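The values are calculated or read from the model by the stated rules, or taken from the named source; none is laboratory data. The structure displayed is predicted, hence computed values, not measured ones. Every residue, glycine among them, receives a Cβ derived from its backbone with ideal geometry; neighbour counts consider all protein chains shown. Please note that ligands, DNA and RNA were not included when accessible areas were found on the heavy atoms of the full protein model with its side chains. Shrake-Rupley method; radii C 1.70, N 1.55, O 1.52, S 1.80 Å.
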Amino acid sequence: MAAILSPSMLAYEDDFLLIIDKPAGMLVHPTVSERGTTLYDYVKAYYEANGINAGIHPVSRLDRNTSGLVIFAKEPVVQHWLSQQQVEKEYLALACGRFDCSEGIIEAPIARKESSIIERCVDYTRGKYAKTAYEVLASYSSCTLLKVRLFTGRTHQIRVHLASIGHPLVNDNLYGTPGPQARHALHAYRLAFKHPVSDVFLEITRALPEDLQKLLY
């Protein structure tokens, strides 16, 4: 299947930046075993189809099964400038169970689990500092809709932090209930930052996708 970037995936574009609303199930970058269907491939095909002579320089990344906003810079210097500022990153998350508090901050260091290449864990000896803030938006019979803000960017940070307080993401088979499940319920819905060229403050949002809306019960 050809890599075609649908209009609904295009969240923002100018001469310097491209922001894509990535669907769940898609890798951001090609790997040895997976090429042609990653977000990088979709952006490359989009450039070629529209005669855009620009680079594909990632500023942000998401796990395969996390949906939402991903930034690409069209020039290396723009990527560098953006890396020098704190981009506000907020997520919508469906966590298992109900919360006693309407908001909270989790500060717990994260390290790679010694027995795994992929899995991370809270580790106060080996871990790197990580900070996550959450706010309860709505409570349902078996889950809670949260707005989550990252202050650091550790691998699997939201998934690890929420699991560490007893509220793993819905359908997270790595940090929650093991076994085959749908994708974990996490969506990168908001990015806010000062444009590195124009200095204009940008705020880009994308609503909770339909597959996660169906889990609100």
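When we screen V87, V70 for residues that are of a type in the set (A, V, I, L, M), open to solvent by less than 60 Å² (accessible area, probe 1.4 Å), modelled with pLDDT under 95 and within 22 Å of Y12 (Cα to Cα), the only hit is V87. For P168, the conditions (1) at pLDDT below 95; (2) under 17 Å from R98 (Cα atoms); (3) surrounded by 20 or more Cβ atoms within 10 Å (Cβ to Cβ) all hold with the exception of (1). Kindly evaluate E90 against the criterion of being within 30 Å of Y217 (Cβ to Cβ) and not in a helix (DSSP H, G or I). Yes: the conditions hold for E90.
Each residue in the stretch 45-85 was checked for being at negative phi, assigned to a strand (DSSP E or B) and touching a residue at least 40 places away in the same chain (Cβ under 8 Å), and 6 pass.
Applying the criterion of being at pLDDT 95 or above and loosely packed, with under 12 Cβ neighbours inside 10 Å to the residues of the stretch 99-124, the residue that is nearest to the chain's Cα centre (by Cα) is I105.
Out of the stretch 113-132, which residues are in contact (Cβ under 8 Å) with a residue 24 or more places away in the chain and touching an Asp or Glu at 6+ places or on another chain (Cβ under 9 Å)?
Residues satisfying the conditions are C121, A130, K131, T132.
For the stretch 140-165, the set of residues classified as closer than 25 Å to E88 by Cβ and open to solvent by 50 Å² or more (accessible area, probe 1.4 Å) consists of K147, R149, F151, G153, R154, T155, S164, I165, listed by residue number.
Please work out if K131 is surrounded by fewer than 20 Cβ atoms within 10 Å (Cβ to Cβ), under 30 Å from M9 (Cα atoms) and touching a Ser or Thr at 6+ places or on another chain (Cβ under 7 Å). It is true that K131 is surrounded by fewer than 20 Cβ atoms within 10 Å (Cβ to Cβ), under 30 Å from M9 (Cα atoms) and touching a Ser or Thr at 6+ places or on another chain (Cβ under 7 Å).
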